[in-house]
Amino acid sequence: MALKRLSFVAAQLMPKPGARQVLARVVTVDDLPGGGWSVIDERTWRTGVSVPGTEWGKRARAAGSVAAWRSFEAVAARQWCWVQVMPLVSEPDALSALEGIGDRLLRNLRAEVTLLREHDVDIEAFPGAGRVWAHEQHTIGPDGEGVARMLAAACGAYVIVVSASGSPEWAWDPVVSVARRQAGLLAA
């Protein structure tokens, strides 16, 4: 885990030509359900640096691909969401990168929760997605029990990830809606 975090830090510190352009294509507060959303963080990093052993990662690194991530909070609704866009070299690379994506995600070090149980969820691929992966985590923390829902999709030569949590918990439909909106922004 420590090596994975160090690789991620290195990927953020490397030169990232095109980072602003990729970040500009990530959903904004206007694309999220309900109201009262604000951006709490956004980052960019070199794609493929933290997965040096994968062929798709090698090709993304060689192409200079830059991934972007934006995190949101709706304080009054007690909900959070983050969206990641990872440009890859080809659609087959995006499909390959989607495999095992849950094993590559970094744990939120600020989360003050304990994982009770987790499982994958069967969700149909939405228009624009070649394949999807959905996952649910049930947690308990200072504010009681909660659910985090994560949806990753291979959309053309991109992998997108939407993670949504809060109390009240998100239903799957709004999570899919955010992913569809993100896919639409990338297709435009």
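For VAL178, the requirement of being outside any strand (DSSP E or B), surrounded by 19 or more Cβ atoms within 10 Å (Cβ to Cβ) and at pLDDT 95 or above is met. Any chance you could count how many residues in segment 118-147 are under 22 Å from GLU73 (Cα atoms) and more than 13 Å from the chain's Cα centre (by Cα)? Residues that pass the stated criteria total 12.
Can you tell me which residue among VAL162, VAL147 is more than 20 Å from VAL29 (Cα to Cα) and of a type in the set (Val, Ile, Thr)? Lay out the reasoning, then the answer.
Details: VAL162 fails: more than 20 Å from VAL29 (Cα to Cα).
Step by step, each of VAL162, VAL147 is checked, and only VAL147 is more than 20 Å from VAL29 (Cα to Cα) and of a type in the set (Val, Ile, Thr).
Among residues of segment 49-91 being surrounded by 17 or more Cβ atoms within 10 Å (Cβ to Cβ) and charged (D, E, K, R), the one that is nearest to ALA179 (Cα to Cα) is ARG70. Pairing each residue of segment 112-130 that is over 28 Å from CYS155 (Cβ atoms) and in contact (Cβ under 8 Å) with a residue 24 or more places away in the chain with any residue that is of a type in the set (Val, Ile, Thr) and loosely packed, with under 14 Cβ neighbours inside 10 Å, provided the two are 6+ apart or on different chains, yields C-beta distances under 9 Å for VAL113/ILE140; THR114/ILE140; LEU115/ILE140; LEU116/ILE140. Within segment 148-171, if we keep just the residues that are in contact with a Leu (Cβ under 8 Å, 6 or more places away or on another chain) and without any contact (Cβ under 8 Å) to a residue 60 or more places away in the chain, the residue that is farthest from PHE72 (Cα to Cα) turns out to be ALA153. Would you point out the residue of segment 144-175, among those that are in contact with a strand residue (DSSP E or B) (Cβ under 7 Å, 6 or more places away or on another chain) and part of a loop (DSSP other than H, G, I, E, B), that is nearest to PRO87 (Cα to Cα)? So the residue we want is ALA157. Only residues that are surrounded by 19 or more Cβ atoms within 10 Å (Cβ to Cβ) and either of a type in the set (Val, Ile, Thr) or over 18 Å from SER177 (Cα atoms) (or both) were counted in segment 26-48, giving 7.
The values are calculated or read from the model by the stated rules, or taken from the named source; none is laboratory data. Owing to the predicted nature of the structure, the values given are computational and were not obtained by experimental measurement. Every residue, glycine among them, receives a Cβ derived from its backbone with ideal geometry; neighbour counts consider all protein chains shown.
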